[in-house]
Amino acid sequence: MVLVMVFGVALLVAVLLSGLAARSVLSTSLLFLLGGAVVSEGFLGLIHITPDSDIVGVTADLALFAVLFTDGMHVSVPALRRSWRNPARALGLGMPLAFLGVALLTHFLVGLDWTTSFLVGAVLAPTDPVFASAIVGRKEVPARLRQLLNIESGVNDGIALPFVLVLIAAAAPAGHAEDIGLVPIAGELLLGVLFGVSLPFLVHRLVRFRLLGAEPRLQPLLPLAVGVTLYAACHLTHANPYLAAFSAGVVTVALAPEAKAAFEPLGEALAELAKFAALLVFGALLTPHLFGDLSIGGYAVAVLSIVLIRPASLLLSLAGTDFDRREKLTAAWFGPKGFASVVYGLLVLQAGIPSGEEAFTLIAVTIAFSIIAHSSTDVPIARIFDVEELVGIPDDDKGTPGRTTSRGTE
């Protein structure tokens, strides 16, 4: 009950300060992270949470499912068909480069074996704009930049997951690898996609029957019912819930845009609550003991993965595109590590691999640094675009995608 009280107080404070946070470097996400850390055993000692506590896995799992479900609803298939090249560059070149860069740093600076190093790289490769919401949620930021970050972050979680699972299987000690073989992994992924596509399609067909249909005030609950059913079905059958959630969101908005419009306010609020709860619990894991367990090389990897590897990999992937320098630098900086990395890091810890605890410590510290760095810089950087718009520089969101530079629109 102490944890519930802390969550309620943190939520109240976050709501009261949300207006200030939208105009400054103050971050509501950071409030929950710090709140969890303050009440943990490392500080006030009000709650006792360890990485293997059930509440850690459950809250991170629910948060990632909710975020991916709502993220999927933001993917416009027609818009993706028109503007697929830049996200494809980020996913097809930038993400593998980041994966490789983190793995190399982990091996040479921390001394982990190659398999575990590549596993750390796979866990930290996905990005999460939830912690940079002022970039992807502000109209003054060019639409193509927001679209790039949204599509990249929405898809890369699912791309990274198979690599995480395969590398966990490869790193597992003798006698455990057969329990998480490649065939079961492939089956779980395919079953997740199948559930994510078929359940919304079935519900959409049912709604079209004359005797069926949702009353307007209950219409927002229809996608929620799909999400709850899908989450339970995945866990009962061991289907992958994350690919299912994202697939269901995409299919829902493609088949029934009106359902997405009705559900959006409720869905965003629920996803936000799940995110805050997961941040509070994750913050409780960030004890002085955990930070003390990380070597100097580990701290170097955590910092360099944020300030060097992600920016360099995305800048290389966007070379030759029509993004201007300001847009490229913004996209390169905003590669925050979020719930996918938290959940995948917990999978690493719970897999019982030889260097699992050391790998999790590195992953957790990197995520904490990323949340602090990215959630406190999104508003100032978003204001750069707002200022330029206010002084009369045209915004290419209102016409054919072009390029806004100091010389005008090209």
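Does residue 136 satisfy the condition of being over 30 Å from residue 354 (Cα atoms) and at pLDDT 75 or above? Write out each step before concluding.
Numbers: over 30 Å from residue 354 (Cα atoms): yes; at pLDDT 75 or above: no.
It is false that residue 136 is over 30 Å from residue 354 (Cα atoms) and at pLDDT 75 or above.
Say whether the condition of being touching a Phe, Trp or Tyr at 6+ places or on another chain (Cβ under 6 Å), closer than 23 Å to residue 126 by Cα and either open to solvent by less than 40 Å² (accessible area, probe 1.4 Å) or modelled with pLDDT of 90 or more (or both) is met by at least one residue in the stretch 166-180. Checking the stretch 166-180: at least one residue is touching a Phe, Trp or Tyr at 6+ places or on another chain (Cβ under 6 Å), closer than 23 Å to residue 126 by Cα and either open to solvent by less than 40 Å² (accessible area, probe 1.4 Å) or modelled with pLDDT of 90 or more (or both). Of everything in the stretch 38-97 that is of a type in the set (Phe, Trp, Tyr) and open to solvent by less than 20 Å² (accessible area, probe 1.4 Å), the residue that is nearest to residue 344 (Cα to Cα) is 65.
Yes/no matrix, rows are residues, columns are (1) modelled with pLDDT under 80; (2) part of a helix (DSSP H, G or I):
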residue: 3; (1), (2): no, yes
residue: 9; (1), (2): no, yes
residue: 15; (1), (2): no, yes
residue: 26; (1), (2): yes, no
residue: 35; (1), (2): no, yes
residue: 45; (1), (2): no, no
residue: 52; (1), (2): yes, no
residue: 55; (1), (2): no, yes
residue: 62; (1), (2): no, yes
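Residues in the stretch 319-349 that are without any contact (Cβ under 8 Å) to a residue 24 or more places away in the chain and either of a type in the set (D, E, K, R) or farther than 21 Å from residue 154 by Cβ (or both) were compared, and the one that is most open to solvent (accessible area, probe 1.4 Å) is 325.
With the condition kept exactly as written, say whether any residue in the stretch 402-409 is modelled with pLDDT under 80 and in contact with a strand residue (DSSP E or B) (Cβ under 9 Å, 6 or more places away or on another chain). Before the answer, list the steps.
Going through the stretch 402-409, the residues modelled with pLDDT under 80 turn out to be 402-409.
Applying the additional criterion that residues be in contact with a strand residue (DSSP E or B) (Cβ under 9 Å, 6 or more places away or on another chain) yields 402-403.
The answer is yes; a qualifying residue exists.
Given the criterion modelled with pLDDT of 90 or more, under 21 Å from the mean Cα position of the chain (by Cα) and not aliphatic (A, V, I, L, M), identify the matching residue among 108, 131, 118. Step through it out loud before you land on a result.
Details: 108 fails: under 21 Å from the mean Cα position of the chain (by Cα); 131 fails: modelled with pLDDT of 90 or more.
Result: 118 is the single residue among 108, 131, 118 that is modelled with pLDDT of 90 or more, under 21 Å from the mean Cα position of the chain (by Cα) and not aliphatic (A, V, I, L, M).
Every residue, every condition in (1) farther than 30 Å from residue 4 by Cβ; (2) of a type outside the set (Asp, Glu); (3) surrounded by 16 or more Cβ atoms within 10 Å (Cβ to Cβ), yes or no:
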position: 232; (1), (2), (3): no, yes, no
position: 243; (1), (2), (3): yes, yes, yes
position: 271; (1), (2), (3): no, yes, yes
position: 287; (1), (2), (3): no, yes, yes
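Taken as a whole, the structure places residue 393 among residues that are at pLDDT below 80 and aliphatic (A, V, I, L, M). Applying the set (1) open to solvent by less than 20 Å² (accessible area, probe 1.4 Å); (2) out of contact with any Ser or Thr (no Cβ under 9 Å at 6 or more places or on another chain); (3) assigned to a loop (DSSP other than H, G, I, E, B) to residue 140 leaves exactly one unmet item: (1).
The residue pairs whose first member lies in the stretch 292-318 and is surrounded by fewer than 17 Cβ atoms within 10 Å (Cβ to Cβ), whose second member is in a helix (DSSP H, G or I) and of a type in the set (Val, Ile, Thr), and whose beta carbons are closer than 6 Å, counting only pairs six or more residues apart or on different chains, are 293/361; 297/110. Screening the stretch 98-123 for residues that are outside any helix (DSSP H, G or I) and open to solvent by 30 Å² or more (accessible area, probe 1.4 Å) and picking the one that is nearest to residue 160 (Cα to Cα) gives 113.
Filtered by the rule that a residue be closer than 25 Å to residue 376 by Cα, out of contact with any Pro (no Cβ under 7 Å at 6 or more places or on another chain) and in a helix (DSSP H, G or I), the stretch 335-351 gives 339, 342, 343, 344, 345.
Considering the conditions (1) of a type outside the set (Phe, Trp, Tyr); (2) part of a helix (DSSP H, G or I); (3) at pLDDT 90 or above, residue 239 is excluded by exactly one of them, (2). Taking the stretch 182-202 on its own, how many of its residues are modelled with pLDDT under 90 and more than 24 Å from the chain's Cα centre (by Cα)? Summing the residues that are modelled with pLDDT under 90 and more than 24 Å from the chain's Cα centre (by Cα) in the stretch 182-202 gives 3.
The values are calculated or read from the model by the stated rules, or taken from the named source; none is laboratory data. Worth saying up front: this structure is predicted, and the values here are computed from it rather than measured. Backbone-built Cβ (ideal geometry, glycine too); neighbour counts: all protein chains shown. Note: accessible area is taken over every heavy atom of the protein model, side chains too, but ligands, DNA and RNA are not part of it. Shrake-Rupley method; radii C 1.70, N 1.55, O 1.52, S 1.80 Å.
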